[in-house]
1. Based only on other Cβ atoms within 10 Å, what is the fewest-to-most ordering of K115, K84?
2. Just want the answer: with Cβ charges of +1 for Lys and Arg and -1 for Asp and Glu, which residue in G286, P248, Y127 is farthest toward the dipole's positive end in the chain?
3. Kindly provide the helix-only [θ] at 222 nm of the chain, computed as the sum of -39,500 (n - 2.57) over DSSP H runs of four or more divided by all residues, to the nearest 500 deg cm²/dmol?
4. So how do C104, C346 line up by other beta-carbon neighbours within 10 Å, fewest first?
5. Kindly flag which residue pairs out of K115/K301; K115/K259; K115/K194; K133/K193 have an alpha-carbon separation exceeding 30 Å in this structure.
6. Between [x] 192; [y] 150; [z] 168, which entry matches volume of the Cα convex hull per residue in Å³ as derived from the coordinates of this structure?
7. Among residues other than V65 whose Cβ falls under 12 Å from its Cβ, what is the net charge (Lys/Arg +1, Asp/Glu -1)?
8. Pop a pseudo-label 7 angstrom from the Cα along the beta-carbon direction at both D333 and T10 and give the gap in nm to one decimal.
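Derivation of every value follows stated rules applied to the coordinates shown; laboratory data play no part. Being a predicted model, the structure only gives us computed values, none of them experimental. Every residue, glycine as well, gets a Cβ built from its backbone with ideal geometry; the counts of neighbours run over all protein chains shown.
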Amino acid sequence: MPKTESPHVTTPAEMGYRMPAEWEPHAATWLSWPRREGISFPDAYDAVVPTLAKMIDALADSEPVRINVRDADEEAIVREQLKKNRARSEHVEFFHIPTNEPWCRDHGPIFLTRKDDPQIAIIDWDYNAWGWKYPPFDDDDEVPTRVAGRLGLPVYKPGMVLEGGSIDVNGNGTLLTTSSCLLNPNRNPDFTKKEIEKMLKDFLGVRNILWLGDGIEGDDTDGHIDDLTRFVSRATVVTVVEEDEEDPNFAPLQENLAKLREMDVEDGTPIEIHTLPMPGKIVRQGQRLPASYANFYIGNKVVLLPVYGDTCDAWAASVLQTAFPDRNIISIDCRELIWGLGAFHCLTQQQPAV
């Protein structure tokens, strides 16, 4: 009996969709508000709210902000917290979409666009809280589809675990990621590297995938790219380096730098590399925290830079100002926020304008 071929399923890439670069125009920035009873900020919820308020206020002149909250009662609480912390909120819209934790970059929708089409689409990757580390995560896993329903957008489900912080794209066909995260058996143990690459190409519209190695110490995501290396233009990246040879981050960051020096973007252009420093070690309750200047967020008119009361803060701001001369670099102290093991890029997800 002849073998029956599986029916071909048209992929977003075949339909002309792609994931835009973060510096392309936004219609909005999405956030998920943390819960006081959540696990991200143990005994520190009140301490981190002022940082969140500063982040939202810093986006007021840049773009609308859309915040996921559990219900009307939580919306009222957040509105009062923003007012108390003197954050502008006229640009804020609330969506009653429950979440477990605030890391919208990882559980939120990834938006796709296509040329000459006002219809954007959403990819809903599976989500398992960075390899089953922090259950429950059932609400977080549903966020992209719930957002799609609220916005009336088509949604595509690849059936593969992936967090938004594990990838970075240049919008022209090249994607950066790390083997320590995407190839970790706690994500997709039944997928080969080749199969993972095919999924990225089919659902994000990329064709050139670049693999770095390990992440920084204290990063519970197993090495997200947004703590390491970020595209700042089609063929230019900034990447963090550690100057102290005794620091555990020194060797893996040097190895990543060496890999980058051998890499090209989609048309064969060598990647131009600018280095960012690492802040000094931050330890809390015996735990090293993954403080990194690479966890910045690119808005329409601003770049939100996490800083840590460190002598390298101004250096990092200078590097990013050179990379984004037409944007205002806004440095916000993240020494409380980083206790949750993430910063501004981890909290945000951009919705592209069309």
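1. Details: K115 8, K84 11.
If I rank by nearby Cβ atoms, fewest first, I get K115, K84.
2. Farthest towards the positive end: Y127.
3. -7500 deg cm²/dmol
4. Taking fewest neighbouring Cβ atoms as first place, the list is C104, C346.
5. Working: K115/K301 23 Å; K115/K259 33 Å; K115/K194 28 Å; K133/K193 22 Å.
Beyond 30 Å: K115/K259.
6. [y]
7. Numbers: positive: R66, R88; negative: D57, D61, E63, E90, E93.
That sum, taken over residues with Cβ under 12 Å, equals -3.
8. Between D333 and T10, the label points sit 5.4 nm apart.
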